[in-house]
Amino acid sequence: MTDATPGQPTFADVARAADRIAGVAHRTPVLTSRTADERAGASLFFKAENLQRAGAFKFRGAYNAIAALAGDARARGVIAYSSGNHAQAIALASRLLNVPATIVMPQDAPAMKVAATQGYGAEVVRYDRYTQDRVALGRELAEARGLTLIPPYDHPDVIAGQGTLALELIAETGPLDMLVVCLGGGGMLSGCALVAAERSPGCAVIGVEPEAGNDGQRSLREGRIVTIPVPRTIADGAQTTFLGSLTFPIIRERVADIVTVTDAELVATMRFFAERMKLVVEPTGCLAAAAVMHGRLDVRGRRVGVVISGGNIDLASFARHVAG
């Protein structure tokens, strides 16, 4: 097994990732809404990663990590564990790069995410997220099959790839006062923090996670990685239980704060995006926007970048949430 985590990524790694994914990943649009600005009392710039390939920001890091592999590692194949978006991203990137992929997914993962992962050609191995350790299972399978493990967030090439979205955002908007980022395991948040420090030094970077799963918030406040039970939240992409050994040091050094939002606030934000901006956004993808739109942060009078991290939700669940 090759578990490639050689060291802390830097801004230079993000710049290299941007070159590597250019012409493959979508350069997603930056959207604005007068209604959202009025509600928040700020100038908001939404980075619409729900319009990324495979429906989420995860494609950036997945493609960057697999493209960086040596030829022999590519030939053997890769393995990942994920509740959905990283799974789909690894599966699609693997197909594009002609690399065999195996994905460990929880039994309660959204059906459309499982179907999409399989549709891209990956083998799916199921597990019970409440009784089994996905990290241990992923490592066991990687060792047994000689595969390269690409975890969903704690990997330097994944972190660097995710940071490219902030590189694009700031290039389009100019310097920001605040950048608000959805938080699960911290790959996107740490990658974006690296970019903000380099390209918009006065920008306060804020992470947002579900109220039921505030391991990141507690970790930042306590100065150590805090592990929690699997949180019960509709934000399935943020049902992580701890930050990574690579992501946490970056977050501790470069992130100003981490706040939380409720599931009800996520649903209200999903409804806003659907009604006012004609966007389908999954609950996890609404984390950052929910914090801004529901007063969890003081953004008044500021220029604020807001990441919409993904839009992978089946239509029945989406309709149930927004019509409820």
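The values are calculated or read from the model by the stated rules, or taken from the named source; none is laboratory data. Here the structure is a predicted model, which is why all the values come from computation and not from measurement. Backbone-built Cβ (ideal geometry, glycine too); neighbour counts: all protein chains shown. These accessible areas exclude ligands, DNA and RNA; they are computed on the full protein's heavy atoms, side chains included. Shrake-Rupley method; radii C 1.70, N 1.55, O 1.52, S 1.80 Å.
General observations
- For the stretch 272-324, radius of gyration divided by Kirkwood radius, i.e. Rg to Rh on alpha-carbons: 1.01
- Protein-only accessible surface order, largest first, of 294, 155 at 1.4 Å: 294, 155
- When the helices of the chain are scored as -39500 (n - 2.57) per DSSP H run of n ≥ 4 and the total is divided over every residue, the value at 222 nm lands at -13500 deg cm²/dmol.
- With all pairs of separate Cα atoms included, the stretch 143-210 yields a Kirkwood hydrodynamic radius of 12.7 Å.
- Within the chain: Cβ-based charge dipole about Cα centre, in debye rounded to nearest 20 (Lys, Arg +1; Asp, Glu -1): 460 debye
- Legend: P(r) of the stretch 176-324 from all alpha carbon pair distances, 10 Å bins from 0, whole percents, reading 13, 43, 34, 10, 0.
- Taking the chain and dividing mean pair separation by its residue count, relative contact order in percent (alpha carbons under 8 Å, at least six apart): 22 percent
- The loop-placed chymotrypsin sites (Phe, Trp or Tyr not before Pro) in the stretch 79-183, going by DSSP, that have at most 14 neighbouring Cβ atoms within 10 Å of their Cβ come out as 130.
- Exposure of residue 225 as accessible area (Å², to 10), given a probe of 1.4 Å and all protein chains: 60 Å²
- Net charge dipole, the stretch 59-182: roughly 380 debye, given to the nearest 20, about the Cα centre with Cβ charges of +1 for Lys and Arg and -1 for Asp and Glu.
- Span from the the stretch 271-324 Cα centroid across to the the stretch 6-20 one, whole angstrom: 29 Å
- Of 119, 54, 30, farthest towards positive along the dipole that unit charges on Lys, Arg, Asp, Glu beta carbons give the chain: 30
- Highest mean packing first, where packing is the average number of other Cβ atoms within 10 Å per residue, the peptides 198-210, 25-37 line up as 198-210, 25-37.
- Where the stretch 226-271 is the region considered: accessible area per residue in Å², 1.4 Å probe: 37 Å²
- Lys, Arg +1 and Asp, Glu -1 on Cβ, resulting dipole of the stretch 207-324 about Cα centre, debye, nearest 20: 360 debye
- The chain: DSSP helices with Cα axial extent of at least 24 Å and average Kyte-Doolittle hydropathy no lower than -0.5: 156-173
- Computed E for residue 39/residue 319 - FRET, C-beta separation, R0 35 angstrom, nearest 0.05: 0.90
- Look at where the Cα atoms of the stretch 92-154 and of the stretch 211-230 average out, and the two centres are 25 Å apart.
- The residue list 94, 175, 237 was ranked by how far each Cα lies along the charge dipole of the chain toward its positive end, using unit charges on Cβ atoms, and 175 comes out on top.
- Volume per residue of the C-alpha convex hull in the stretch 1-157, rounded to whole Å³: 142 Å³
- Surface share of carbon and sulfur [accessible, 1.4 angstrom probe, percent] for the stretch 128-208: 46 percent
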